[in-house]
Amino acid sequence: MAHVAEWKRKEVEELTRVIKSYPVIALVDVAGVPAYPLSKMRDKFRGKAIIRVSRNTLIEIAIKRAAQELGKPELAKLADYIQGGAAILATDINPFKLYKLLEESKTPAPAKPGAVVTKDVVIPGGPTPIAPGPLVGEMQALGIPARIEKGKVTIQNDYTVLKAGGVITEQLARILNALGIEPLEVGLNLLAVYEDGIVYTPGVLAIDPSEYINMLQQAYVHAFNLSVNTAYPTKQTIEAIIQKAFLGAKNVAVEAGYVTKETVEDIFGRALRAVLLIAQNLPGELLDEKTKE
Amino acid sequence: MEYVYAALLLHAAGKEINEENLRKVLEAAGVTPDEARIKALVAALEGVNIDEVIQKAAMPVAAPVAVAA
Amino acid sequence: MEYVYAALLLHAAGKEINEENLRKVLEAAGVTPDEARIKALVAALEGVNIDEVIQKAAMPVAAPVAVAA
Amino acid sequence: MEYVYAALLLHAAGKEINEENLRKVLEAAGVTPDEARIKALVAALEGVNIDEVIQKAAMPVAAPVAVAA
Amino acid sequence: MEYVYAALLLHAAGKEINEENLRKVLEAAGVTPDEARIKALVAALEGVNIDEVIQKAAMPVAAPVAVAA
Amino acid sequence: MEYVYAALLLHAAGKEINEENLRKVLEAAGVTPDEARIKALVAALEGVNIDEVIQKAAMPVAAPVAVAA
Amino acid sequence: MEYVYAALLLHAAGKEINEENLRKVLEAAGVTPDEARIKALVAALEGVNIDEVIQKAAMPVAAPVAVAA
């Protein structure tokens, strides 16, 4: 490190210190994030996380040094994920929550030619502020159902003009900007997170909350079924247990044609329905007034 | 269900649902009436407004299921 | 409806639904049988699968269910 | 429904549903058993597959019965 | 479900659902009562309006579903 | 439902659902275990195939109603 | 499902569903906790109204009625 400039040495020392003082160390890509959103992000995470933008090489050295000094070899692997304009985000926040927070804090940005969209780009149906002009022809050329109504360009119905993963062309960028549609997202892209000997990648961290909701409901249904089916009463299931027993008893009585005040309606109903169903097949002159009603 | 049909037949014919009538109808249908079942049925129907029950029973519960074919 | 109840009673009793049997059951229920209606009923029920109809009438409707996962 | 509950209790306990057992259970519940109802229940349950029936929904069907309009 | 049927039997018979009564009914059905289960059931039934709960079960299903065939 | 969840957790973990294990899990969850409820649960689950029981709908399900139009 | 059962147990016990509590409950059940799964679960359940979610699961649904049109 003898030839290393003084500022670089200080920078690495500072980065190493930050990495060593937080349990959760994330690598984020700040390339393409303008200064203003980045400072807004810093404000948002103030007190919860420290964001340090630096050169990729210095970040790599700092991560490896911190790993060595802490005796945590797994931490060094985080350096493998450095790409783009990497920055260190050090925090106490659980990696999964951190990913969620970063995703939620992304803000929409105007279309740029050559940019890849992460979500489908939909042009909503309805009137637009655009006056008739050559743009209408360009829209129609892309399949957008644009028409002129009352002197304004109107979109007939919602139209997906670009699928997720698609590249914005110069022409589309012009149209989207004219329509005021911002199809891009600006924010910190999480590259990888380290905590407790594990490096988490976005693929792992992108959890689907609805899956967990489903599992919760499934678990509850399991508990409910177990309780009711084994007649082990709990506050939440005692009513269902009583109902199950009652319905079972009623079923048996109805099936057996054993008339009680609880079953008379069902039993007579069956007989009556059988009669009505048969009556459907009978010629009209056989039906008496009651059946004809 | 013989006993139930017999009872409903009597009711539809405007006759009283009592032990004797049930016995006669069942016998005419070739059933050897079980005294206990006859008595139990008559007892169970005591105080039951059959017209009301029939009317309720005839109404399809809820609306017929809407089926998208 | 008496005629149909009588037919179902015979069916439940395992007896044939023919003119004679219907006449006997109806008379036991105090109904003066109308020959034409008896004949028409017997004719109409030919080819009807009564067991199937009864089963349909007994079919349960959806009960409140806690969904199995 | 006392009689039916008593029968299902016996069934769940793996005991035979007969007159004597029903009588014992009903008496233990403070009910003075009615012989006719006991006999009728035992007779009615003959041939009924209780385990199967219990699982079926109790609700009568809304079999869309199109009554001739 | 023995314990629950025993409880419903007592309820239908107009008797209190307490440990002693449950024990008597279960024994009459030939079940050796498990004290813990009896206690758990009695505790769970506290404050439960059985008539209301049963009536809810007897009610026809809320709304029929539209089913794609 | 704490007790049921504890039992399901033990089952999912491949552990025996016995009084001691239930007690440990409940205590770890900050619940002071009620001996009667633990005993009742263990008794209720005896001989029960838990995998089967948790999948079985608790309420009777209507059989598919085939209605001929 | 161990992790989810553990979460519901904590919820039912009125305890917070956090990493430490989950770890304790799982360990008491003889499970060696997987840190990643615990973290993911805690993150996923943050802000989720569990009572509401459960109630939706418990909602009685009409069983799928297959109707042949």
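The values are calculated or read from the model by the stated rules, or taken from the named source; none is laboratory data. This one's a predicted model, so the numbers in the text were calculated from it and none came from an experiment. For neighbour counting, all protein chains shown are included, and Cβ atoms are generated from backbone atoms with ideal geometry for every residue, glycine included.
General remarks:
- Qualifying residue in the stretch F:19-26 (condition: surrounded by fewer than 23 Cβ atoms within 10 Å (Cβ to Cβ), at pLDDT below 95, not small (Gly, Ala, Ser) and not in a loop (DSSP other than H, G, I, E, B)): no
- Every listed requirement among (1) more than 16 Å from A:Asn229 (Cβ to Cβ); (2) crowded, with 21+ Cβ neighbours inside 10 Å; (3) touching a Leu at 6+ places or on another chain (Cβ under 8 Å) is met by F:Glu16 save one, (2).
- Which numbered condition A:Ile198 misses (of (1) loosely packed, with under 14 Cβ neighbours inside 10 Å; (2) under 29 Å from the mean Cα position of the chain (by Cα)): (1)
- Restricting attention to the stretch E:27-47, the residues being surrounded by fewer than 19 Cβ atoms within 10 Å (Cβ to Cβ) and among the small types (Gly, Ala, Ser) number 3.
- Residue under evaluation A:Glu138, criteria (1) modelled with pLDDT under 90; (2) in contact with a strand residue (DSSP E or B) (Cβ under 8 Å, 6 or more places away or on another chain); (3) assigned to a helix (DSSP H, G or I); (4) crowded, with 16+ Cβ neighbours inside 10 Å, criterion not met: (2)
- Members of the stretch E:27-43 that are within 19 Å of D:Leu8 (Cβ to Cβ), at the interface with another protein chain (Cβ under 8 Å from one of its Cβ atoms) and in a helix (DSSP H, G or I): E:Glu27, E:Ala28, E:Arg37, E:Leu41
- Inspection of the stretch A:100-107 identifies no residue that is surrounded by fewer than 20 Cβ atoms within 10 Å (Cβ to Cβ), away from chain G (no Cβ under 14 Å), free of Cβ contacts under 8 Å to residues at least 60 places away in the same chain and under 30 Å from A:Ile59 (Cα atoms).
- Scanning the stretch D:44-58 for residues that are more than 8 Å from chain B (Cβ to nearest Cβ), in contact with a helix residue (DSSP H, G or I) (Cβ under 7 Å, 6 or more places away or on another chain) and within 26 Å of B:Pro33 (Cβ to Cβ) yields D:Leu45, D:Val48, D:Ile50, D:Val53.
- Condition check for A:Val199: more than 30 Å from C:Lys56 (Cα to Cα) and assigned by TED's automatic domain parsing to the domain that holds A:Asp92: yes
- Conditions (1) surrounded by 19 or more Cβ atoms within 10 Å (Cβ to Cβ); (2) modelled with pLDDT under 90; (3) at the interface with chain D (Cβ under 9 Å from one of its Cβ atoms): number failed by B:Ala62: (1)
- Scanning the stretch A:239-263 for residues that are crowded, with 23+ Cβ neighbours inside 10 Å and either β-branched (Val, Ile, Thr) or in contact with a Cys (Cβ under 9 Å, 6 or more places away or on another chain) (or both) yields A:Ile241, A:Ile242, A:Val252, A:Val254, A:Val259, A:Thr263.
- Considering (1) surrounded by fewer than 19 Cβ atoms within 10 Å (Cβ to Cβ); (2) closer than 30 Å to E:Leu8 by Cα, the lone condition that A:Val204 does not fulfil carries the number (2).
- For the stretch A:58-72, the criterion of being part of a strand (DSSP E or B), touching a Leu at 6+ places or on another chain (Cβ under 9 Å) and under 15 Å from A:Ala192 (Cβ atoms) is met by none of the residues.
- Of all residues in the stretch A:71-106, those that are more than 15 Å from A:Val33 (Cα to Cα), of a type in the set (A, V, I, L, M) and touching an Asp or Glu at 6+ places or on another chain (Cβ under 7 Å) total 2.
- Output for the stretch A:34-64, where each listed residue is among the hydrophobic types (A, V, I, L, M, F, W, C), in contact with a strand residue (DSSP E or B) (Cβ under 6 Å, 6 or more places away or on another chain) and farther than 15 Å from A:Arg9 by Cα: A:Ala49, A:Ile50, A:Ile51, A:Val53
- Sole residue being in contact with a Leu (Cβ under 6 Å, 6 or more places away or on another chain), modelled with pLDDT of 90 or more and at the interface with another protein chain (Cβ under 7 Å from one of its Cβ atoms), chosen from A:Tyr232, A:Tyr220, A:Tyr194, A:Tyr212: A:Tyr232
- Check on A:Ala178, more than 14 Å from chain B (Cβ to nearest Cβ), of a type in the set (A, V, I, L, M, F, W, C) and farther than 30 Å from B:Asp51 by Cβ: yes
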